[in-house]
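Peer 1: Sharing a structure with you now.
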Amino acid sequence: MQSGISRRQLLRTGGVCAASLPWAMPRLLAAPANEVLGIGMIGIGGMGGGHLGRCLNHGGVRVVAVCDVDANRRRVARDRVHQKYGDDLKSGVYRGCAEYGDFRELLARDDIDAVMIATPDHWHTLISIAAARAGKDVYCEKPLTLTIGEAKRIIEVVRQCGCVFQTGSQQRSGYNGMFRFACEMVRSGRIGELKTCHVTVGGPSGDCFLPAEPTPEWMDWDMWLGPAPVRPFSGKLHPGSWRGYRDYSGGGFTDWGAHHFDICQWALDADESGPVGIVPPGVDGAERLAFRYANGVEVYHGGYGGTDSNGITFTGTRGKIDVSRSDLRTDPAEIMATPIRPDEVHLYQSHDHFGNWLDCIRTRRRPVCDVEIGARSVTVCHLGNLAYWLNRPLRWNPETWDFVDDPGASRWINRPLRAPWTLD
Amino acid sequence: MKAFALLLCVAVSGWAVDVEPLLPELRGSAPALERDAAGWRALHDAVLAYYLPRLAAEKIGDRKEPATEYQAICWRAARPGAEIERQAAGEAIAARVTGDLPPHVRLWLLQVLQHVGGPEAVPALVELAGSPDGETRAWALRALAENPAAAIGFARLIPAAPAEFLVERLAAAPPLSALVPVFAKLAAAGDGAVAEAAVRALGRTGDPGAWQALEELPSSPPVVLAQLHCAEGMAAAGNPAALAAYRELLGETRPETVRCGALRGLLATAPGEAVVLVDMALAQGSPRLQGVAVDYLRRTADEATLNRFGAELATLSPAGQVLLLDVFAARRIVGLRPVALAALASPAAEVRVAAVRALAQLGDAASVPVLVTLAETPDGLGKEAATALRQLAAPGVDAALLALARESAGERRLLCVDLLIERRVESAFPVMLEFARQEDDRKLGASAWKGVALLGEGEDISTLIEVLTTASSDTIRRSAAKAVVAVARREPAASPRTAALLAALPNASPEARIELIGALGELGGAEALAAVREALASAPELRAAAVRALGTWPDASPADLLLTLAREETDPVLRVLALRGCVRALGQPDAPPPAETVRRLGELLAAAGRDEDRKVVLAGLGQVSHRDALDALRPCLDQPALQAEAVAAVLKVALAVAREDRALADHYLDLVLERAEAGPLREQAETAKRQLEEFDGFLMNWLVAGPFYKTAEKCAVIDMTMEPEGGQAGAVRWQPAPLTGDPAADWQLDFGKIFGGTNRAAYAVTWIRSETGGKVRFELGSDDAVKVWLDDTVVHRNDVARPVRRGEDVVEVELTPGWHRIMLKITQGGGGWGACLRLRAADGGQLSGWRTLADFRDLRIMEQDLGTPEFGESARRGIADIAARLKAN
């Protein structure tokens, strides 16, 4: 064995002490297959409520705390948990579901192994990083980040911490494997050489011009804003929708784009990469915003030809595939007549996004929509938004995570956070 | 504020006139003029002055447009190659932003500066970072943090910061080595929050001096985290001090997540130590640390390192072996195949399973016998081995399986055959056929015939027919016929499907002809029908086969032939078969129009000799939504042996016919109620009666088309002209709207179920006939906006978002006697999507003297009447086209 340093030398440096086993605190050890995982829910609105239901119906996990800045929501969630665990609560086996308005208090509990994050987008990265640092495994809703810089940072920290991280882009697991099958067909060359993808999702977010309203007593508005710039409360942001506004979200483009561009990245074998150029509509006669990949494939925003309100059309030299949550069609139809053969491309098989995350927590494998996959997919969406906002062609280097020869665009990679929040 | 007001007046009266023609240039929609720096500066001063009054608008909504416009101009100025413009924009803002401005205007300008400002903006930003107003300070720091010259600003801001501003300034500060002494001092001496912010700032610098400063601080979670951050920075800069830092952080007293980070950092910066580090993590680490090590192997490690671990696999713990085998599989390093094969002998079950999974990726043709042997065992390992055999992609695997299938016997051969089928090995067809013909092993035969049917191609049909015609047993003949049908069905054109069968028919033995005729019945087609018709004149066995074949025909084409047979056939068994086949054929989508279908079923009813046969015909009548079906069913209501079936059929038809003729439906329901005593039949009739009452007047039969999407038109979606209302109406693909499946909900059209989605529109069209004409009320509900055409005239429009509620909109229209076309357009924003329309008399009461269509096959009848005065020009529109399309369907 050729190595720059021997095990004995390494031990001598203080890095590892052979007599000091075990290395980790028992609580931080991955759970054995039969151990029930303690789960904390952060953000329990629409998606969070759904995740809470999944947890409550899963025997392998136990919800021990819920967190939301909306006191009404967290109370409802806590009651739901208590109702579900009613017998164990009465008998004392279950000690009750704690309520928090500040996620840091939830993360400080050592009986929580993993957290599910379903807050507005501008909180995703910050809470995910804090959770990973606290030794928790993480399931975070898509779109994973608010900025490109956050996408890069979340990968770094999650990897550093050895965190098992699932991005909530569940199209990789659900819908009877339709999306996986579509990607396998593309990557196996069933439509010949892939030329274009048309992805129909919503458009970019914009600035917020909502008038100020009095903050309700049940709302911790400063905590809702968190790292975002200060602005007065508006019921149109909460409990309304914050998704149209740049300070909190990338709009419809990141909302559905985090699903469908994610599938596109999967089909293009670009899970650890991305486009190299983005051209907004109207430039050089372009009808639609176009992403250019290094292999020559062009991915367009819009133009999906299927029957659903959104979806993806892959067009190759020998056929095309339309895929959405409700439909999978090929032209010619025979393309999808046979299952993927052994000598064709087989992609990561997961039939249950949540279950896949739990399995990976036990095995320490990477989940089907690992942090880098989610971060790279949302970066595609951020790049699209930036091309719309700046209204000029952009050149992107997915390896260095920077724009090429465009310092003005590079200034959009990060957005400073409001003190005291940092992505350290 | 006076000064600002004066400024605004000057701006509006003095500069606005000059700026507006230049805006296209600034937005990039017109060519730029040549200007020097002073010229650009003057222009941007003017532009800002032009926008300031509108940015200062009192109503927040009025600020949106100017703010967005001005911001876009500035963002464009920051494009590559236009530094002179960017600087001019930055200078213009910097000159104003510290002045007398309404607070929201200042904040907006700071927001613009965040993406545009350069060195020219730093003094202004530094000044505003000291503002007593927290929001101004926050935006100024935001803008400064993104400024390329931020270092200059923070070098001034941090050392001189008042205590209350320190945390926000430290949080925003860029990672400047020059500030390390300041950060270090604050970290050592500041209060809790300031010290923590300074510690974090030290970590971000990635500076060896910062590492030193952090080492000197008492250890705490923020300090250790900052150390890791600092080590990362040093490693990224290629500073060798990172190695020692990482080793330090790998110590056992460190939090596990920090140790994971240190291990990952070490693996990245010191690949030469990877073997030792991974070895140690696998041997002694927690699962989380092991995960980091394995992740390194899976993603980064070179082949030599992996081979090294392959050689030592057996010395690791079972958990470590499992993780490594998983890595070997993921990396597909085929050189490690022997390692996986050796691991099959492990005493630990989980290691054996992992070895089999690894072989699924690493295995080759030589692995096939080993895996087949394992797959023969009934335990979990056997299942894994079978899965691996399905996945093995190496060259020669199919051939190896085929050879093994040939050589082996019994269960092993059966396993190989099943695997060959699952792997879709087309070259296995001859072997499959060979096994299929062996009758001594029924299990193998069944699997092999399945394979023959699945793997065969068009060119194999003649081989299969040869097997069929030369077979000595009925079983083989029958299986071969089934296989022929399965293979032929995959042929896209009808004629090639049956050509070989037809060619073989004349010379085949009687037994083979029976099977050939049966196969023709499954495949259909005009030539096949002629051949089967000819076979009716043959010997009794062939005649029986022909009647059976007609009974399985895939469309309605033999319906009349079967009807004749059902009436005239002397053999009672064949007569019954013909009757059943005829009912089946008349239920096919291409059956004759409803009235014609009813007539044929009536004849069948008369020809049926037994009650069980009559019941079959009654069930067939129940499927026809036409008034004549009710007349045909009526006599059976009084026949005790048939009453139950007749009542069930009447209820079904009456509910459908009620959409066309309510009085007739009521009459028949009353007839049922008169006859049905207490019990399920009466309950069903009462329920149907209630539904008719409740849904009286609702139009429930529609043709629908959609979804249609927003166009570039700048108007509400409900007013956008889409294909069904434009010149392309002929190209619209109309389809009958399916009923909801819930009789209680059939009063409404559910576009959500039919088309789904958001941000779109759909259309529905139907026809009504008024006996006498006169005023009529349309009572409408819609989700969301609705537009209604009566013939070619828009009679109602309501651009609204709401759920479907009955009668929410009421429209009075005038009908002339005869047929009229009603078209609805319904838009969908989100949530539910549907509509309902009820016809009522002008006073709101029940409307009489009208009918609609119960079945869109009626369109073909309407089509015949197009030339009559019953149809006005506009009511006629589209009928011929729609009828043609429905026929084609």
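The values are calculated or read from the model by the stated rules, or taken from the named source; none is laboratory data. Fair warning: this is a prediction, and the values are worked out from it, not measured in the lab. Cβ atoms come from the backbone with ideal geometry, glycine included; neighbour counts cover every protein chain shown. Just the protein is used for accessible areas: all its heavy atoms, side chains included, with ligands, DNA and RNA removed. Shrake-Rupley method; radii C 1.70, N 1.55, O 1.52, S 1.80 Å.
Peer 1: Given a cut-off of 16 Å, what percent of all Cα-Cα pairs of segment A:52-120 lie beyond it?
Peer 2: When every Cα pair of segment A:52-120 is considered, 46 percent fall beyond 16 Å.
Peer 1: Here is a further query. Specify the residue with the greatest mean-square fluctuation among A:W242, A:W412, A:W396, computed from a Gaussian network of chain A linking alpha-carbon atoms under 10 Å apart.
Peer 2: Greatest mean-square fluctuation among the candidates belongs to A:W412.
Peer 1: Output the 0 to 90 degree angle, nearest 10, between the alpha-carbon long axis of helix B:37-55 and the longest principal axis computed from the alpha carbons of chain B.
Peer 2: 60 degrees
Peer 1: Shifting gears a bit: Return one number: the angle in degrees, 0 to 90 and rounded to the nearest 10, between the long axis of the Cα atoms of helix B:221-236 and the longest principal axis of the Cα atoms of chain B.
Peer 2: 90 degrees
Peer 1: Now, a different point. What's the FRET efficiency of B:R489 with B:A241 using the Cβ-Cβ distance as r and R₀ = 60 Å, to the nearest 0.05?
Peer 2: So the FRET efficiency works out to roughly 0.25.
Peer 1: Under a straight-distance cross-link criterion of Cα-Cα below 30 Å, which lysines are reachable from B:K775, leaving out those fewer than 8 residues away in the same chain?
Peer 2: Partners within reach: B:K689, B:K787, B:K825.
Peer 1: With each pseudo-label sitting 7 Å past Cα toward Cβ, what's the B:A345-B:V810 distance in nm, one decimal?
Peer 2: Reported label-point gap for B:A345 and B:V810 is 9.2 nm.
Peer 1: Just the ratio, please: alpha-carbon radius of gyration of the protein assembly as shown over 2.2 N^0.38 Å, N its number of residues.
Peer 2: 1.12
Peer 1: Could you order peptides A:319-326, A:36-43, A:124-131 by the average number of other Cβ atoms within 10 Å of their residues, highest first?
Peer 2: So the peptides A:319-326, A:36-43, A:124-131, ranked by packing, come out A:124-131, A:36-43, A:319-326.
Peer 1: Percent of Cα-Cα pairs more than 15 Å apart in segment A:161-267, please.
Peer 2: 73 percent
Peer 1: Given a Förster distance of 56 angstrom, what is the FRET efficiency for B:E686 paired with B:E541, based on the Cβ-Cβ distance and rounded to 0.05?
Peer 2: Result of the calculation: an efficiency of 0.60.
Peer 1: Here is a further query. Based on the Cα coordinates of chain B, what is the per residue volume of their convex hull in Å³?
Peer 2: Expressed per residue, the convex hull around the Cα atoms of chain B is 298 Å³.
Peer 1: Given labels modelled 7 Å from the Cα in the Cβ direction, how far is it in nm from B:L502 to B:R533?
Peer 2: Once both label points are built, they end up 1.2 nm from each other.
Peer 1: Moving on to the next point. Lys and Arg at +1, Asp and Glu at -1: add these up for the other residues within a Cβ distance under 15 Å of B:G81 and post the number.
Peer 2: +1
Peer 1: Within segment A:54-83, whose backbone N sits under 18 Å from a point 7 Å along Cα→Cβ of A:K90?
Peer 2: A:79-83
Peer 1: Between A:G206 and residues 5 or more places away or on another chain, which pairs have amide H atoms under 5 Å apart, with H built 1.01 Å from N, and which residues are they?
Peer 2: A:Y245, A:R246
Peer 1: If each of B:E511 and B:L673 carries a label point 7 Å out from its Cα toward its Cβ, how far apart are those two points in nm?
Peer 2: 6.3 nm
Peer 1: Sketch the reach of a paramagnetic label on B:R27 as a point 7 Å from Cα along Cα-to-Cβ, and name the residues of segment B:81-99 whose backbone nitrogen lies under 13 Å away.
Peer 2: From segment B:81-99, the list is empty.
Peer 1: Same structure, new question: Below 8 Å between Cα atoms, with a sequence gap of 6+, how large is the relative contact order for segment B:220-330 in percent?
Peer 2: Rounded, it is 18 percent for segment B:220-330.
Peer 1: What share of Cα pairs, in percent, lie more than 15 angstrom apart in segment B:639-694?
Peer 2: Above the 15 Å cut-off, segment B:639-694 has 38 percent of its Cα pairs.
Peer 1: Restricting to DSSP H runs of at least four residues, report the calculated mean residue ellipticity at 222 nm for the protein assembly as shown, -39500 (n - 2.57) per run over all residues, nearest 500 deg cm²/dmol.
Peer 2: -15000 deg cm²/dmol
Peer 1: Under the definition of partner shielding as Cβ atoms of other protein chains within 10 Å of a residue Cβ, what is the mean value for peptide B:288-294?
Peer 2: 6
Peer 1: Could you tell me the calculated FRET efficiency between A:R104 and B:R802, based on Cβ-Cβ distance and R0 = 45 angstrom, to the nearest 0.05?
Peer 2: 0.55
Peer 1: What does the structure give for A:407-414 when I average, per residue, the other chain Cβ atoms found within 10 Å of the residue Cβ?
Peer 2: The per-residue average across the peptide is 5.
Peer 1: Rank A:W266, B:W747 by accessible area, highest first, at a 1.4 Å probe radius?
Peer 2: B:W747, A:W266
Peer 1: Can you pull out the GluC sites (Glu not before Pro) in segment A:178-227 whose DSSP state is coil and whose Cβ has at most 14 other Cβ atoms within 10 Å?
Peer 2: In loop regions of segment A:178-227 (DSSP not H, G, I, E or B), the sparsely surrounded GluC sites (Glu not before Pro) are A:E193, A:E217.
Peer 1: Counting alpha carbon pairs within less than 8 Å and at least 6 residues apart, what relative contact order, in whole percent, applies to segment B:387-501?
Peer 2: Here the relative contact order equals 19 percent.
Peer 1: If you don't mind, another one. Along segment B:197-207, what does the Karplus equation 6.51 cos²θ - 1.76 cosθ + 1.60 (θ = phi - 60°) give for ³J(HN,Hα), rounded to whole Hz, x for Gly and Pro?
Peer 2: Going residue by residue, I get 5, 5, 4, 4, 4, 4, x, 5, 5, x, 9 Hz, with x marking Gly and Pro.
Peer 1: Further, regarding this structure: Remind me, relative contact order of chain B in percent, using alpha carbon pairs under 8 angstrom and six or more residues apart?
Peer 2: For chain B, the relative contact order is 4 percent.
Peer 1: Nearest 10 degrees is fine. How inclined is helix A:257-267 to the longest principal axis of chain A, computing both from alpha carbons?
Peer 2: Value to nearest ten degrees: 70.
Peer 1: Between beta-carbons, use under 14 Å as the cut-off and find the net charge around A:G86, counting Lys and Arg +1, Asp and Glu -1.
Peer 2: +3
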